[in-house]
Every structure is written in C-alpha cells, then in structure tokens.
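Each remark here refers to the structure printed beneath this line.
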Amino acid sequence: MTEQSDIVVIGAGQAGAELCLELRRRGHAGRVMLLGDETWPPYKRPPLSKAYLAGTADEAALYAVPPAQLQRHAIEFIGGTRVQRIHRERREVELADGRRIAYRGLALTTGGRARPLAVAGADLRGVQLLRTMDDARALRPALRQGIRLVIIGGGFIGLEAAAAAVKAGARVTLLEGLDRVLARVTAPEVSAFFERVHGEAGVHLITGVQVAALLGRETVEAVQLADGRLIAADHVLAGIGLLPNVDLAMQAGLAVTDGIVVDECARTSDPLIVAAGDCANHPSAFAGRRLRLESVQNALEQARSAAATLLGAEEPYRAVPWFWSDQYDLKLQMVGLSQGHDRIVVRGDLRQARDFSAFYLREGRLIAADVVNRPQEFMLAKKLVAAGARFDPALLADAGVPLKSLLPS
C-alpha cells in the first residue's frame, strides 16, 4: 500500500529540517515527511569536530530541530530509514523496508559522506572518519591523556579535531598531502598562521606527505608513509573531504555533475523535485560560475529557496558564501571565495598576534576575506565583499582607517 504525502524531504540534516520549517512558516498545511537514514533527529554537524568533540556540548545541544519542535510543526520525522529508489513517473519514493510514499513535491537534501581512506589497513579497529553523530561519539572517548592520535588531512575537520585532541591531552600528529594546511581555501600567509598556532599547541605537523598504508593486526598500530616512515598510532582519524550523496538522484535520471544540478531556485532537472545543501550544484551569481558549497549558511538559505519553489514561488538563492571554524581560542570567519585572487592585504600581525583580517583582491576588487577573532571587522567584511567594489589596498591594510568608512555610500 502506498502512503500519501504532500511533500517528502529526503535527508534529515540542517538543510532538510530548515526546508520543512520554511514550508510551515509560509503557511503550508499539507502533510510533510522528513526521511533520514540516521536515527538521530536533525542535528548540527559543525560542532561534531568542535564543541562536541571537546566535551563542552552533548547530543541534545546539537539538535537543529528538537523532536518536540518537529511535532509542534506537524513534521513527520522518520529516522533510521533508507530511501531505496525514486519513481518519478509515479511520483513515489520507495523505502528499503518496502514502504512506498507518494509525493506532490520532493526535496533532496541528502548531504554528503566523509571520503573514505583508500589504503590498506583502513578497516582496522581504531581507524575512523568524522561526519556523523555516531562517528563523534566513537571518537570522543579516545581523546585522552597520552593517546597517540594521527590525523590525516589538514582541512577544517583535521585542524578542529587536532585542537580538541590536544586540549584533552592527546599526542597529535597531523598529516597533510599538500605543502600546507588549508591550502584549498586560504592563502599561504593564513596557512602559515594556523601551522604556527598548532605547532605552539603541541601538534606535530607533517605536510607534503602521502599515506601508503595503515599497519596493525586487529587494531591500528602505525601509519606508513610513502617515503617509508612509520608513525606510531593508537587511533587514526581521516578528514580528507566529502563526497556528495547523489546516488538516488542518478538512479532517478536527474542531472548530476559534482552534485545534483539545480537552477537558482533550487529546482532540479525534474520541476517537481528540488535539492539543497551539500549535495546541490547551483549557479552562483557571486562567483560567476556553478559550484557546490559545503556550509551551514548555504544549506539553510538554499533550503528556504527550495521551499519557496515547492510552493510555487520564485525566490532565487543569491547569497554571498561564508564559513567559520573554531580552533583553540580562535574563531576563523571567512566570506567570499578566495580562489583566483592576485593580491592579499592583511590587517594585523600574522606572525605574532592571534587576531587579524586578510583581504583577497582580484584586479583591485575585493572577492573574499578571512578574519580571526575580529567579529566586528568580519561583519563589515561581509558587506564589503558583497558590495563587489574596488578598494585601495593601502586603505584596507591601514588599521587606522575604519573599515566602515570604506563601505560604498
């Protein structure tokens, strides 16, 4: 027997939860079903490698939408449920347990999964990824005094986990395949700042290396590098990126290219299906090209646009991307996309201080900013980047010139 629903949302992360809430904010009274393959109600993933891993937040503090709020808004959450197939011709989704649910509108907020290690020994006990609540619950008890933790990957997940592990007393070695940490998202000057901070905290950083294998009998005991070096390990965490969950979309015949292809209103190649969040590849007016963003800001704002589309409205998603990372006493806030910059201008001392603002210019136009521990400057930087105006580098660098004075009138 096929159940009837008005709107079905596949993927119970922050994008999926926000989409459901936005439907209710807009007055939608039809049946809304939120399907998730995890048993947890919708939760926030960023704290998993920050506050939760550090032990300063519990599971309930991470809920994006607590169960009581789901009930209050008549959002039917079905957790621990894997959707096996989308039948577009019948407007149905088929669950792994055989149930079928008909839909009028369908949303794919399937997110992504942690990229697995493709080396021998990756299945040893003590080797894990960090993407889900269950991943974090398994890792947190392992962060204790004296444990030898090897982290593979010098991106945000790896650096945030390193900060939490060092605070817990672990002996941390961090391996990065490129020649510097955060190489894909920041300039060398900013990478050097974070390398200095982590080194001073006791993290042993090794860049420009490749992992050949993980060694051990049943439990991991060492990481073998391509150059033959062995690094002793009691636990290994791999933070090497994310793969968008696009299998359902591909099976359904939707357009997929580094994510589910959507238009500026989050509409897929099927007008009855929208997609939002980490899994969606959208046209960005800001970047002037298509891209797939992995950020909470993107998930929430694109989900609102997707909800509008399902209800027949046209509200294009045109936000300027921004991100953040917490490490030790540092809050890194980033706005814009720095790729393709031809100049970086810094306010502050990257070599000595623990706060600064770095501005990225391309042909004189401000395209991005990285700001550490300067929240007021970050708020202004968001406005400056959104303005897309040209700026005198000397004025950006001069701490005596208020950033507010540079805003276009």
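Descriptive notes on the structure:
- In plain terms, the chain from R115 to E38 could stretch by 25.9 nm, reckoned as 0.36 nm per residue minus the Cα-Cα distance.
- Label point 7 Å beyond Cα of F286 along Cβ direction - residues of segment 101-142 with amide nitrogen under 11 Å: none
- Computed FRET value (nearest 0.05) for R82 with Q352, which takes r as the C-beta separation and R₀ as 51 Å: 0.50
- In terms of its C-alpha gyration tensor, segment 329-406 comes out rounded, because the ratio a/c of the largest to the smallest axis stays below 1.5.
- In sequence order, segment 297-307 has phi-based couplings of 3, 5, 4, 6, 6, 5, 5, 5, 5, 5, 4 Hz under the Karplus curve 6.51 cos²θ - 1.76 cosθ + 1.60, θ = phi - 60°, and Gly or Pro positions carry x.
- Whole-number percent relative contact order across the chain, with pairs defined as alpha carbons under 8 Å at least 6 apart: 14
- Net length gained if the chain between E218 and K404 were fully extended (0.36 nm per residue, minus Cα distance): 61.1 nm
- Computed on segment 116-238, with alpha-carbon pairs under 8 angstrom and 6+ residues apart, the relative contact order is 34 percent.
- In segment 180-284, trypsin sites (Lys or Arg not before Pro) in a DSSP loop with at most 15 other beta-carbon atoms within 10 Å: R184, R217, R229
- Of the GluC sites (Glu not before Pro) in segment 284-388, those whose Cβ has at most 15 other Cβ within 10 Å and which sit in DSSP loop: E314, E363
- Shape class for segment 347-390: oblate, because the ratio a/c of the largest to smallest gyration tensor axis (alpha-carbon atoms, square roots of eigenvalues) is 1.5 or more and b/c is at least a/b.
- Entry for Cα extents along the principal axes in Å (calculated from the structure that is shown) out of (1) 86, 53, 49; (2) 94, 53, 48; (3) 65, 64, 36: (3)
- Note on the chain: GNM, Cα springs under 10 Å; of A275, A60, A397, the largest mean-square fluctuation is that of A60.
- FRET efficiency estimate (nearest 0.05) - Cβ-Cβ, R137 to A96, R0 30 angstrom: 0.80
- Full extension of the chain between E314 and A192 gives 39.5 nm of extra length, using 0.36 nm per residue less the Cα-Cα distance.
- Legend: translational diffusion of segment 258-409 by Stokes-Einstein, Rh = Kirkwood radius over C-alpha pairs, 20 °C, 1.002 mPa s; D = 129 µm²/s.
- Convex hull volume of the C-alpha atoms in segment 99-160, normalised per residue: 164 Å³.
- Choice from R25, R374, R115 showing the highest fluctuation, given a GNM over the chain with Cα pairs closer than 10 Å: R25
- Structure remark: mean-square fluctuation, Gaussian network model of the chain, C-alpha springs under 10 Å; the largest value among G288, G79, G241 belongs to G288.
- Net charge, V32 excluded, C-beta distance under 9 Å - Lys, Arg +1, Asp, Glu -1: 0
Every number here is computed from the coordinates shown, using simple stated rules; none is lab data. What you see is a predicted model; the values in this text were computed from it and never measured. Glycine also receives a Cβ, built like all others from the backbone with ideal geometry; neighbour counts cover every protein chain displayed.
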